[in-house]
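The values are calculated or read from the model by the stated rules, or taken from the named source; none is laboratory data. Since this is a predicted model, take the numbers as computed values, not measurements. Neighbour counts run over all protein chains shown; Cβ positions are idealised from the backbone, glycine included. These area figures cover heavy atoms from the full protein model, side chains too; ligands, DNA and RNA do not enter into them. Shrake-Rupley method; radii C 1.70, N 1.55, O 1.52, S 1.80 Å.
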Amino acid sequence: MPKKLAAGNWKMNGLRQALDEVRALHDACPDAACDIVICPPATLIRSMVKVCDDMQIEVGGQDCHENSAGAHTGDISAPMLADTGASYVILGHSERRATYGETDALVRAKTLAAWDSGLTAIVCIGETLEQREAGQTLEVVGRQLQESTPDGASPETLVIAYEPVWAIGTGKTPTLEEIGEVHGFIREALVKRFGPEAQDMRIVYGGSMNPKNARDIAGIANVDGGLVGGASLKASDFYHIVKALDG
Ligand code: PGA
């Protein structure tokens, strides 16, 4: 079984003072058995890398451009992320797919760019409420998985985040059975595509994961961690999720 991953997605939250939360998280669980990565806004990445220097906490970006440099005002490239000391990047988050029209093909190109810079890509996939209600969840997730990920993925280079769009930031979550069904389906698809080593590829759940539901979700087969938004902002909340993933 892969080592579990507790990934925090701070989204557009956090001023410099928020770095105290990372110190508090480290103080609360200095030797967590799971991997921890925090993806703060770009403005905090470098300073968070410095804060985490002697901690078991990795730092990641929330997006990167598919090109390594050029005339792309406002964008950040994968080499830039790697240059800060970041080691992960979230790609294809549903908020970026919805707000910026990011397609599966673009997410795939960004994933290749991330790999070129040695970053582990956390590729997000998940259905909308309409799609779930229409019984299209597995079809949508299967297509996104196939088209958003390049060939040649390994457990070191790729993490899949299953995030039902309707569960993000809403306090609603699928049932444990529903999560298990999708994660099992993703595992099968990964093994079929990338071979037996994909048994070790991490499939994390995201969408309203919190200190109360984390233990139950962490116990589902093929759930190898969480991608946590709101509940990752405060160490006092995120700590409980890390503990739940620690087993
Ligand atoms: P949430 O966000 O935990 O606040 O629902 C998860 C995510 O969007 O990655």
Cα-based shape type of the chain, given that a ≥ b ≥ c are square roots of the gyration tensor eigenvalues and the cut on a/c is 1.5: rounded
Segment A221-E133, extension gain: residue separation times 0.36 nm, minus the distance between their alpha carbons: 29.3 nm
Spatially close lysines, pair count over segment 5-246: Cα under 28 Å, gap of eight or more or interchain: 16
Unit charges at the beta carbon, dipole of the chain: most positive-side option, A189, A33, H240: H240
Debye, to nearest 20: dipole size of segment 96-247, +1 on Lys, Arg Cβ, -1 on Asp, Glu Cβ: 360 debye
Derived scalar couplings ³J(HN,Hα) [segment 236-247; Karplus, 6.51 cos²θ - 1.76 cosθ + 1.60; whole Hz; x for Gly, Pro]: 5, 8, 4, 3, 5, 6, 4, 4, 4, 6, 5, x
Coil-residue trypsin sites (Lys or Arg not before Pro) of segment 178-247, DSSP, other Cβ within 10 Å capped at 14: K212, K234
Average accessible area per residue (Å²) across segment 5-246 - probe 1.4 Å, nucleic acids and ligands excluded: 44 Å²
Cα gyration tensor category, rounded, prolate or oblate, for segment 1-68 with a/c compared to 1.5: oblate
C-alpha center-to-center spacing [segment 1-43, segment 51-95] in angstrom: 15 Å
Residue (of I122, P79, S47) at the positive-pole extreme of the chain, dipole from beta-carbon charges: S47
Full-stretch length increase - D54, A69 - with 0.36 nm per residue and alpha-carbon distance subtracted: 2.4 nm
Distance between segment 107-148 and segment 211-246 - C-alpha centres, whole angstrom: 21 Å
Computed [θ] at 222 nm, deg cm²/dmol, the chain (DSSP H ≥ 4; -39,500 (n - 2.57); rounded to nearest 500): -12000 deg cm²/dmol
Residue-wise HN-Hα coupling along segment 206-223, computed from phi with Karplus coefficients 6.51, -1.76, 1.60 (Hz; x: Gly, Pro): x, x, 6, 6, 8, x, 7, 9, 4, 5, 5, 5, 4, x, 6, 4, 6, 9
Residues with amide H under 5 Å from that of V159, placed H, sequence gap 5 or more: A121, I122, V123
Relative contact order (%) - criterion: Cα under 8 Å, at least six apart; region: the chain: 22 percent
